[in-house]
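Only one structure is covered here, and it is reproduced in the block below.
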């Protein structure tokens, strides 16, 4: 029978302890996934939305600083347009996109984005104005 050295005992103990630790952490994470709901609550998602919006606004400030130093920086202009569109701020994206088109008139992508922004602004404007033949307008016209 072979003599077992203390070195071998330490190695085997380390392997067993490592295996048990691996099993424990794997099992605990699986149990946690099963017991906790996967969807965040309404409050958490609202907090994430506001933090994402705050992060986007920080990025806007950073790119605006770049544009103060380099007004024709196309990368900063593109990123600002992208962020303003994510924030659904078409009014702010319009002059930036117009500047991009002015800097690179051959770029069809800029022209397409400008066209889409203008369509979106027109659509917003038509939604905020009351229809011409609305009952309120007809009554006002009759009184005159």
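Quick note: the coordinates plus some simple rules give every number you see, no bench work behind them. Small disclaimer: the values here were computed from a predicted structure and weren't measured. FYI the Cβ positions are ideal-geometry reconstructions off the backbone, even for glycines, and counts take in every protein chain you see.
Quick notes on this one:
- Here r is the Cβ-Cβ distance between residue 7 and residue 36 and R0 is 35 Å; the resulting FRET efficiency, rounded to 0.05, is 0.20.
- Placing pseudo-labels 7 Å out from each Cα toward the beta carbon at residue 59 and residue 121 gives an inter-label distance of 2.3 nm.
- Translational D in µm²/s for the range 52-129 (Stokes-Einstein at 37 °C, 0.692 mPa s, Kirkwood Rh from C-alpha pairs): 254
- Residue 27 paired with residue 15, simple spin-label distance in nm, labels 7 Å along Cα-to-beta-carbon: 2.1
- FRET efficiency estimate (nearest 0.05) - Cβ-Cβ, residue 69 to residue 128, R0 35 angstrom: 0.45
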